[in-house]
Amino acid sequence: MKQVWMRLFVDIEKTAYQDDCRRLERAYAVEDPWHLSSAREALRYKAMSEMILEHCGRLRSLLEIGSGEGHHTQFLEAVADEVVGLEVSEKAIARARKRCLHAKFVRGHFPDLPDEIRHRFDLVVASEVLYYIRDLDAAVDMMNQCGTFCLASCYAREIERIHAAVSHLPMLAQKDLRFDSMSYRVYLWRSGH
């Protein structure tokens, strides 16, 4: 049912690099439209949290871009004292607030940050979201401005484009992950700002 919803009624393929917030909001008419509560995603979130702790240590503050319904946020709360999620969908934020009682969620669109969260974080995380943003270079630049460390992940079919946008940065780690039939790449770098 969710796959049909995403394909036919949301037409999610049209959101690639388009800043199409209306389609993303429409996706959340159903709960967990991307199946982010699955065991596969939990393994991915756990692997990214381990990578963060290994290379950055425990963090004071973390900004999660595209926090959705808070599935990944739950794992990020374990690596940072303060977690702020930025999300375009009010429906997703309402669900995330129920799931993550200690995180703060703000409605907004990246890279245009709302003033209330326009400050420096120890880490900025963009997990599976950069390919929804039209100006990828501006998004990566804003990540660098906002974070001492930055982490971006993407699924296999987007690696080439995301790699081109981040490979020149001072990389701390790059890791390929595979769970079931899905492959991902995770980039972790130290900001030059």
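Values quoted throughout were computed directly from the atomic coordinates according to the rules given, and no laboratory measurement underlies them. No experiment lies behind these values; they were computed from the predicted model shown. Virtual Cβ from ideal backbone geometry, glycine too; neighbours counted across all protein chains shown.
Some points to look at:
- Charged-residue dipole, Cβ positions (Lys, Arg, Asp, Glu), the range 38-190 about Cα centre, Debye nearest 20: 340
- Taking packing as the residue-averaged number of other Cβ atoms within 10 angstrom, the listed peptides 66-74, 102-110, 138-146, 126-134 run from highest to lowest as 66-74, 126-134, 138-146, 102-110.
- Percent RCO, i.e. relative contact order, over the chain, from Cα pairs under 8 Å lying at least 6 residues apart: 18
- Gap separating the Cα centres of the range 130-176 and the range 20-96, nearest whole Å: 16
- Pairs of Lys residues in the chain are counted when their Cα atoms are under 18 angstrom apart and they lie 8 or more places apart or on different chains; the count is 4.
- Subtracting the Cα-Cα distance of ALA156 and LEU43 from 0.36 nm times their residue separation leaves 39.0 nm of extension gain.
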